[in-house]
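A quick write-up on the structure given underneath.
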Amino acid sequence: MEYRVDSVADTVELGRKLGSMLQKGDNVCLFGDLGSGKTAFAGGIAKGLGIDGYITSPTFTIVNEYEGRLTLYHFDVYRIGDADEMSDTGYYEYISGDGVTVIEWADIIKDILPPERIEVYMEKNEHESPDSRTIRIRFIGDRAAGYERRLAGEGACSRYVHGDGRHSGGR
């Protein structure tokens, strides 16, 4: 699925719609350059999980926990040297635990990502506007497949880009 968003608010809203569907044990892996909107999207997921307040990227602490409908385990692995360092963080317990795990900079630990996951690729469209983004979402595994159908049916505030290049929804 591919979406075009034109503001931070649209990025958060798309994350919220995804977050409202997530269940215990779901894992969302975020990919994108610095400033591409990963933390804003994670904040939207938090809202969808019923978590109030400001979500910060756990750059120095590696993981933050937030309580809501389900616990959100928010990882930022930017400062991790390699996948081997993740075992010290409790990573394997988190991704198979009772909450929802969101991993920023997931490309750094691609070799140990859970087999069932939702991958979110974020790309800046600065040639259009400073806050314009293309967000591609891949649903990997049987568990995640149902979310794809539901998210497409939700009608996000952003524009969904069909496989044939047509746009729907949003502006």
Handout entry: Conditions (1) of a type outside the set (Ser, Thr, Tyr); (2) more than 10 Å from Glu104 (Cβ to Cβ); (3) modelled with pLDDT of 90 or more; number of the one not met by Phe60
Key = (3)
Practice task
Report yes if Lys47 is open to solvent by 30 Å² or more (accessible area, probe 1.4 Å), of a type outside the set (Gly, Ala, Ser) and farther than 18 Å from Pro115 by Cα, otherwise no.
Solution key: yes
Completion exercise
Selection from segment 18-36 of residues part of a loop (DSSP other than H, G, I, E, B), among the aliphatic types (A, V, I, L, M) and open to solvent by less than 50 Å² (accessible area, probe 1.4 Å) yields Leu22
Problem - segment 36-53: number of residues that are free of Cβ contacts under 8 Å to residues at least 60 places away in the same chain and not charged (D, E, K, R) - result: 10
Practice task
Read through the list (1) at pLDDT below 95; (2) part of a helix (DSSP H, G or I); (3) open to solvent by 50 Å² or more (accessible area, probe 1.4 Å), then give the number of the only condition that Thr39 fails.
Solution key: (3)
Problem - Residues within segment 79-112 that are in contact with a helix residue (DSSP H, G or I) (Cβ under 7 Å, 6 or more places away or on another chain) and surrounded by fewer than 17 Cβ atoms within 10 Å (Cβ to Cβ), tallied - result: 3
Practice task
Within segment 54-62, identify whether any single residue is open to solvent by 30 Å² or more (accessible area, probe 1.4 Å), part of a loop (DSSP other than H, G, I, E, B), under 17 Å from Cys29 (Cβ atoms) and in contact (Cβ under 8 Å) with a residue 40 or more places away in the chain, and answer yes or no.
Solution key: yes
Practice task
Name, by its number, the condition in (1) open to solvent by 80 Å² or more (accessible area, probe 1.4 Å); (2) at pLDDT below 85; (3) part of a helix (DSSP H, G or I) that does not hold for Ala144.
Solution key: (1)
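The values are calculated or read from the model by the stated rules, or taken from the named source; none is laboratory data. What you are looking at is a predicted structure, and each value in this text was computed from that prediction instead of being measured. With ideal geometry, Cβ positions are generated from the backbone for all residues, glycine too; neighbour counts draw on all protein chains shown. Ligands, DNA and RNA are excluded from the accessible area calculation, which covers all protein heavy atoms including side chains. Shrake-Rupley method; radii C 1.70, N 1.55, O 1.52, S 1.80 Å.
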